[in-house]
Amino acid sequence: MTPGLAVAARKNTGTDGSPWVWVAVGIVPVAFLAVFFAWPVAALIARGFTDADGAFTGAAVSSVLNSGRTWRIVGQTLAQAFAGTAVSVLLGVPGAYVLYRLRLPGRRILRALVIVPFVLPSVVVGVAFASLLNENGPLGFLGLRESFTAVVAALVFFNYSVVVRTVGGLWARLDPRTEQAARSLGASNARVLATVTLPALAPAIASAAALVFLFCASAFGVVLVLGGVSYGTVETEIYYQTTQLLDLPTAAALSILQLVIITASLLVSNATRTRNERALRFASKAGSQRPRASDIPAIAITALVILGLLLTPLLCLLWRSLQTQDGIGLGNYLALGETTDKSVTVSVWEATLNSLGTALAATVIAIALGVAVSYVLSRRPKTSASKLGVQVFDSAFMLPLGVSAVTVGFGFLITLNRPPLDLRSSWVLIPIAQALVALPLVVRTLLPTWRAIDPRMLQAAATLGAGPPRLFTSIEFPLILRGVGLAVGFAFATSLGEFGATSFLSRPDRPTLPVVIFKLISRPGVENLGMALAASVVLAVLTALVMGTAELLGQAEPGKAPGDYGSPGFLKTGVGQSGKGAR
Amino acid sequence: MMGSGLEVRNAVVYYERTKLAVDGVSLDVARGEVVAVLGASGSGKSTLLRAVAGLEPLANGRIVFDGVDLADVEVSKRGFVVMFQEGQLFPHLSVARNVAYGIRDLPRAEREQRVNELLHTVELDGYANRAISTLSGGEAQRVALARSLAPNPRLLLLDEPFSALDRALREHLLQVVSQALRLTRTTALLVTHDQDEAFALADRIAVLADGSIQQIATPDHLWRHPASREVAEFLGYGPFLEKPEAKALGIEIADGEVLGIGPRGLEAVEAHGQLLPSPQCFGFYVVVGETRHARGYIDAVVTLPHGQQARVRTKNEPDLRLGVRLVPEECVRVSAGA
């Protein structure tokens, strides 16, 4: 007899509940994704292929594809993304070694410090680098303002932590005895590194590189602030065409082009993620070693990166925010209560309140959807049909990570502004867009923790009489709670600093803080710049506070569940899951 | 005993939907009885246990308890509790709340009393408020046992409960469990690859190989009369002697039978370089190979006259040649098989 048929005919067994439960739980996030992601993006693509009368035309797309400007911008996007990725990896691998493998004083603080840039709002980073590189900034003599180098430096600033955390997370858990065995067989340090360590780390490095490329290629705020007109990318060009030239067909055509670039890098990223899932030998305890003389180059590079690349722009931002026309003081901060310019109709403090309210709403949406999505993704389907279903579901919710925020914002603008769903005048559009951007982060933070729960623990609970609802409330939810804390932090921080989509959707009377900062910095005048700097410090401090609290809450939670809570899943490799969770 | 307890009838289970793991197993566990399923790893024993619990779907056959077919009864409604090898305690709950997990419907006072009773049974008085992370492996396993017994399961399913523990601890825990099972008159199905575990706990033992049951018998009967050469081999008999070989060494067996030598089936019989006379069978000389020191004796690998390798215990380091005899009551006659 054929096993599949006979078994499928029987009632579903185990602890996962029936597939109908999965469908019921998954339907809300799917509907959300369809209405607020698939529809706007599809409408955007359609807009690129239709003329003013609604007839099909390839004119906009072909004119965009035949324009020299387009290819210059595409070339620039790719060049900046490649350079940003290469430098991030070259600096990040020694950083991972120093921060995760060497026993150095204060390395916990340094690890926490390194993650801060990743969650900083892109506008803040742009302003910080600009304040460093402007003519009158400390590094103004280098003449790097609005340069390729400036953009790449800022991209590395953001993504250094992605490489350090991804590679370091794996490096810390590699069994040091494998290297010791190689050394005892007569291999030199360099040969051990080349033949044992780097091959073991290769999957993590590849997966980090793919992810960094994705982030670099879709970077928006930082490029808009730092690159100026001459170093734009596809993302900033879409923004420029929409908001300055009001050329929607061209913008739509460019969005299609950006979709192609992002989808390609997402596919590469996924491929490396799959290759990652192979068994590696892990130590039960983190292997760390005392620094040796041969570690000095790696330590020096890392110290230079942390001091020079990560701390200098932030300290410069802080320092320059304190400089006023009357000397050093809090003048810029005091001015945040006023509305100095006609174009900014609200004070920075009001915008801060707007931002907090919007981020709160976005966090609620993202967490609710993220828990539902993770619930479905953590099931262990048995039939090949439901396995495929879960895989498709998984990829669908990773898409917003890849599709640029600008595309989402632009898509909202052209779909949700008329019946059946006219949300143009409603402020909920912004939290919805922000939740969409934060959702992949939330899912990737929750999922590893959830998947690390031994299925047999749930089976033991089921045999003690617990059905799926009680399993969720009494076992699964308490065990993922720490992950939820961190996910809340990521969702809130991301929403607080979100600029790409928000810049399209924000209304003049209710701007968010990043939008106000961008408006201030785009305007001439020393006061405006001073206020932009002060407002950036406020936003950076808020973001750091949110992340710090989330990390602390995560650590204070009683009980101990398997898994590492230090970073969202995509900042680690998939290796841990297949290596440990399988038993 | 009809209609009372567990009846497994012709159970067929596929592992991961494609590999045949359990191939037509029928097995009864009467009320209050402890049955062990003994098999090597990969014999399908854990899959069988999971199918009884409702964690794996049956491809064919029936699982019945007290006359009720369980095909449509969910895991959580069967009243069967599984105790896993690693305990699978809930790390976010205290010891007491772990034990109370399956009895939340009891009134509070009664529940607390039951928890304390059970912690006493598993010799963990005073552990109620301890965190799971502070327990040793043996303590965790005893908490898991208490948790499994708390709801008075109509069937307790034990999946290699002590394999992960070291030997001394395992022997002590076997006593604790054995006592707890008798005391609570719990009906239990145990699967294990460990002969000692099965013999220590079970009223009856089912030997499983390649997904089907080779023999079901009481421990004593199983040891004395293994049904086949494979079963005897799995229990630790060997080497096996053909009829003429056995006869040459002093034991008569029937046609189509082989003689399995038990772990103590070969005895050193030599003093001052002379074979001692024996009432039942002859002494003979064997060639001594490797020897190894064990606690209180020396374990020697010897080559029998017909070439088979066997083990024998001696008091002193043997010479190249050693006089031995077969001990008939420590050997079994089994059918030669295919």
**Asked** If we count other beta carbons within 10 Å of each Cβ, what is the order of A:Phe129, A:Phe37, B:Phe199, fewest first?
**Response** B:Phe199, A:Phe37, A:Phe129
**Asked** How would you classify chain A from its alpha-carbon gyration tensor, with a ≥ b ≥ c the square roots of the eigenvalues: rounded for a/c under 1.5, else prolate if a/b is greater than b/c, otherwise oblate?
**Response** oblate
**Complete:** In whole angstrom, the spacing between the Cα centers of region A:363-408 and region B:11-45 equals 37 Å
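Which of the peptides A:368-376, B:62-70, B:169-177, A:117-125 is most tightly packed, and how do the rest follow, judged by the mean count of other Cβ atoms within 10 Å per residue?
Highest-to-lowest ranking by the protection proxy: A:117-125, A:368-376, B:169-177, B:62-70.
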**Request:** Quick one: what are the phi-derived ³J(HN,Hα) couplings along region A:74-81, Karplus 6.51/-1.76/1.60 with θ = phi - 60°, whole Hz, x for glycine and proline?
**Result:** 4, x, 5, 4, 5, 4, 5, 5
**Asked** GluC sites (Glu not before Pro) within region B:1-108: which are DSSP loop residues with at most 11 other Cβ atoms inside 10 Å?
**Response** B:Glu16
**Message:** Rounded to whole Å, give me the distance from the Cα center of region A:47-121 to that of region A:165-195.
**Reply:** 30 Å
**Request:** Identify all aspartates and glutamates with a Cα-Cα distance to B:Lys243 below 13 Å; exclude those on the same chain that are fewer than 8 residues away in sequence.
**Result:** B:Glu252, B:Asp255, B:Glu257
**Asked** Rounded if a/c is under 1.5, else prolate if a/b beats b/c, else oblate: with a ≥ b ≥ c from the C-alpha gyration tensor eigenvalues square-rooted, which is region B:75-146?
**Response** oblate
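Other chains near A:130-141: what is the mean number of their Cβ atoms within 10 Å of each residue's Cβ? Mind showing how you got there, number by number?
Numbers: counts 0, 0, 0, 0, 0, 0, 0, 0, 0, 0, 0, 0.
Rounded to a whole number, the mean comes out at 0.
Okay, helix-only estimate at 222 nm for the protein assembly as shown: each DSSP H run of n ≥ 4 adds -39500 (n - 2.57), divide by all residues, round to 500 deg cm²/dmol; what do you get?
Roughly -16500 deg cm²/dmol at 222 nm, from the helical runs in the protein assembly as shown.
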**Item:** Inter-chain shielding of B:148-159 (mean C-beta neighbours from other protein chains, 10 Å cut-off)
**Value:** 1
**Fill in**
With a ≥ b ≥ c from the Cα gyration tensor eigenvalues, square-rooted, and the rule rounded for a/c under 1.5, otherwise prolate when a/b > b/c and oblate otherwise, region A:19-107 is oblate
**Prompt:** What's the local net charge at A:Ile256, with K and R +1, D and E -1, over the other residues with C-beta under 15 Å away?
**Reply:** -2
**Request:** Please list, or write none, the aspartates and glutamates whose alpha carbon is within less than 13 Å of the alpha carbon of A:Lys382, excluding same-chain residues fewer than 8 places away.
**Result:** A:Asp16, B:Glu16, B:Glu56
**Request:** Report, in whole Å, the centroid distance computed from the Cα atoms of region A:459-532 and region B:147-195.
**Result:** 49 Å
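All of the numbers you see were taken from the coordinates with simple rules; none came from a lab. Quick caveat, the model's predicted, so the values are computed rather than measured. Don't worry about glycine lacking a Cβ; one is built from the backbone with ideal geometry, like all the others, and counts go over all protein chains shown.
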